[in-house]
Ligand SMILES: Cc1ncc(COP(=O)(O)O)c(C=O)c1O
């Protein structure tokens, strides 16, 4: 049996590795506080779950549901983009369902990247941008996101030779892991860059409705002309507390959507119809509960921001997303700090290099546990000093 070289080129997914370590400690009776993965701990509102239940009871809802998303699901996505961003989408050609956005983020590479092609990824950034490029036989070019530049892309630093060979440029705001946000001006620069070099701009926007302090996140598709060069990945995972449901969408440029759909029709057979019915309900229903839910995360963020100095950590308060990106105390690498926090304080935070070399010196703290638990994590981290 000989496993493909591409598998050897992929590291084990960081969260898979961490969960094994955490499980081992828990087996020994250690009460580990896991602030690693960004899996929302709150459930979706009951009417969404009821819709899933009712739909699953229908005998004719259990066959293949089609490849592209049901017409009702795609219309709900288009209506959401219209309402939320003022972006008009054709549900038939500019919207595609995904089995969670991660699936589409990986598969878009198969649609655009030939062996040797370059994919420009943010560093630090969501690991699937790089892994997707590797799976397609491409190479990733890490584009540094720096604290002193507000973690926004410095497109002028990308060598023209790289830009010319690149097929995709990834951007993600509100950003995982840094918590940075971007305005339309930043998006407009990315659109202009994509147009200049003839590449596909992929905006990953799953945190657009998980924002704090009154901040409202835009979509790249609001930039005039963005539909010519861009697609956006989005998801119900974070917006509606539905991460385990695996429902997402790609929207935007029709040619890119069609290419992604061609890959998908050959590798998957769509999303279970009752999930799409419940997702459709979620997008069409009254959205006012989101403000209350965001307040829960905002208060958690404030708890974390309050304990950081006592633990010798430093961070900017994020305006969106599920994470605080904190500088580790002097004298530690990120991995050394995370290991010590896990072994001596029973607190798991993700070491920054999991998101790229520019993540060195930082750890990512997820806001996915209740305030009391975050306070306790803070006490434990403070005791390490
Ligand atoms: C930046 C970013 N993109 C995409 C995803 C994938 O989300 P999903 O596949 O659940 O839609 C995540 C999940 O944490 C993320 O942080």
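The values are calculated or read from the model by the stated rules, or taken from the named source; none is laboratory data. Just so it is clear, the model here is predicted, and its values are computed rather than measured. Counting neighbours? That spans all protein chains shown, and the Cβs are built from the backbone with ideal geometry, glycine included.
The residues on offer are 116, 138, and the sole one that is surrounded by fewer than 21 Cβ atoms within 10 Å (Cβ to Cβ) and in contact with a strand residue (DSSP E or B) (Cβ under 8 Å, 6 or more places away or on another chain) is 116. Going by what's in this entry, would residue 174 be described as surrounded by fewer than 21 Cβ atoms within 10 Å (Cβ to Cβ) and either farther than 17 Å from residue 196 by Cα or out of contact with any helix residue (DSSP H, G or I) (no Cβ under 6 Å at 6 or more places or on another chain) (or both)? Criteria not met by residue 174.
Only one of the listed residues (317, 326, 341) is assigned to a loop (DSSP other than H, G, I, E, B) and either touching a residue at least 12 places away in the same chain (Cβ under 8 Å) or touching a helix residue (DSSP H, G or I) at 6+ places or on another chain (Cβ under 7 Å) (or both). That residue is 317. Note on segment 191-213: residues that are within 16 Å of the ligand (Cβ to nearest atom) and either surrounded by fewer than 20 Cβ atoms within 10 Å (Cβ to Cβ) or under 22 Å from residue 160 (Cβ atoms) (or both) amount to 2.
Yes/no per residue for (1) over 30 Å from residue 178 (Cα atoms); (2) part of a helix (DSSP H, G or I); (3) within 15 Å of the ligand (Cβ to nearest atom):
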| position | (1), (2), (3) |
| --- | --- |
| 48 | yes, yes, no |
| 65 | yes, no, no |
| 84 | no, yes, no |
| 108 | no, yes, yes |
| 122 | no, no, yes |
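Inspect all residues belonging to segment 240-254 and state whether any of them is away from the ligand (no atom under 16 Å from the Cβ) and over 14 Å from residue 174 (Cβ atoms). Checked segment 240-254: at least one residue is away from the ligand (no atom under 16 Å from the Cβ) and over 14 Å from residue 174 (Cβ atoms).
Based on what the data block shows, is residue 257 within 30 Å of residue 46 (Cα to Cα), more than 11 Å from the ligand (Cβ to nearest atom) and in contact with a strand residue (DSSP E or B) (Cβ under 8 Å, 6 or more places away or on another chain)? Judged against the criteria, residue 257 is not a match. If you filter segment 306-330 down to residues that are away from the ligand (no atom under 15 Å from the Cβ) and closer than 16 Å to residue 294 by Cβ, you find that the one that is surrounded by the most Cβ atoms within 10 Å (Cβ to Cβ) is 319.
In segment 219-235, the residue that is farthest from the ligand (Cβ to nearest atom) out of those that are assigned to a helix (DSSP H, G or I) and out of contact with any strand residue (DSSP E or B) (no Cβ under 7 Å at 6 or more places or on another chain) is 228. The set of residues from segment 260-280 being surrounded by fewer than 19 Cβ atoms within 10 Å (Cβ to Cβ), part of a helix (DSSP H, G or I) and touching a residue at least 40 places away in the same chain (Cβ under 8 Å) comprises 262, 263, 265, 267.
Within segment 331-348, is there a residue that is assigned by TED's automatic domain parsing to the domain that holds residue 33 and either within 15 Å of the ligand (Cβ to nearest atom) or under 13 Å from residue 302 (Cα atoms) (or both)?
Initial filter on segment 331-348 (assigned by TED's automatic domain parsing to the domain that holds residue 33): 331-348.
If we keep only those that are either within 15 Å of the ligand (Cβ to nearest atom) or under 13 Å from residue 302 (Cα atoms) (or both) too, we end up with none.
No, segment 331-348 contains no residue that is assigned by TED's automatic domain parsing to the domain that holds residue 33 and either within 15 Å of the ligand (Cβ to nearest atom) or under 13 Å from residue 302 (Cα atoms) (or both).
Of the residues making up segment 236-254, those that are within 12 Å of residue 104 (Cα to Cα) and in contact with a strand residue (DSSP E or B) (Cβ under 8 Å, 6 or more places away or on another chain) are 247, 248, 249, 250, 251.
Within segment 145-185, the set of residues being more than 16 Å from the ligand (Cβ to nearest atom) and under 16 Å from residue 221 (Cα atoms) comprises 183, 184, 185.
Of all the numbered requirements in (1) buried (at least 19 other Cβ atoms within 10 Å of the Cβ); (2) not in a helix (DSSP H, G or I), residue 216 misses one, and that requirement is (1). Could you tell me whether residue 366 is at pLDDT 95 or above and away from the ligand (no atom under 16 Å from the Cβ)? Answer is no for this residue. Checked against the criterion of being over 24 Å from residue 182 (Cα atoms), exposed (fewer than 15 other Cβ atoms within 10 Å of the Cβ) and within 16 Å of the ligand (Cβ to nearest atom), the candidates 42, 96 yield just one match: 42. Taking (1) surrounded by fewer than 24 Cβ atoms within 10 Å (Cβ to Cβ); (2) in contact with a helix residue (DSSP H, G or I) (Cβ under 6 Å, 6 or more places away or on another chain); (3) in contact (Cβ under 8 Å) with a residue 40 or more places away in the chain in turn, residue 66 satisfies each apart from (2).
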